[in-house]
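What follows is one structure encoded as structure tokens, with my remarks underneath.
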Amino acid sequence: MTSVKKSKAAIEVILTDLDSSYTEVGGGGISEIKQIRTNVYMVSIPQEERIDQFTYEVSVDDACKVEILKKEPSTKSFQR
């Protein structure tokens, strides 16, 4: 499988996880999905006075089967 197909598979699994686990109803939608290292992705979701961020570490095998190894939430405050 190509790197693009592996990234696509990883992002689809991450979006499915966020859809079932992220409960904040205010703010905007997803503003950024970024691969920051091999098999590590960061998702940003803006809220009123902060940005909720989730860093996912995943494994993707040659058949594009994805497993979430680690998920770390964080919050970034807006600078005033």
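The values are calculated or read from the model by the stated rules, or taken from the named source; none is laboratory data. Just so you know, these numbers come straight off a predicted model, no measurement behind them. Please note: Cβ atoms are built from the backbone with ideal geometry, for glycine as well, and neighbour counts cover all protein chains shown.
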For the stretch 31-46, name all the residues that are assigned to a loop (DSSP other than H, G, I, E, B) and either surrounded by 14 or more Cβ atoms within 10 Å (Cβ to Cβ) or in contact with a Cys (Cβ under 8 Å, 6 or more places away or on another chain) (or both). ASN39
Please work out if THR23 is outside any loop (DSSP other than H, G, I, E, B) and either more than 13 Å from the chain's Cα centre (by Cα) or under 15 Å from GLU67 (Cβ atoms) (or both). no
Going by the structure shown, is THR75 touching a strand residue (DSSP E or B) at 6+ places or on another chain (Cβ under 8 Å) and modelled with pLDDT of 95 or more? no
Here is a list: LYS5, LYS71. Which entry is at negative phi, part of a helix (DSSP H, G or I) and surrounded by 11 or more Cβ atoms within 10 Å (Cβ to Cβ)? LYS5
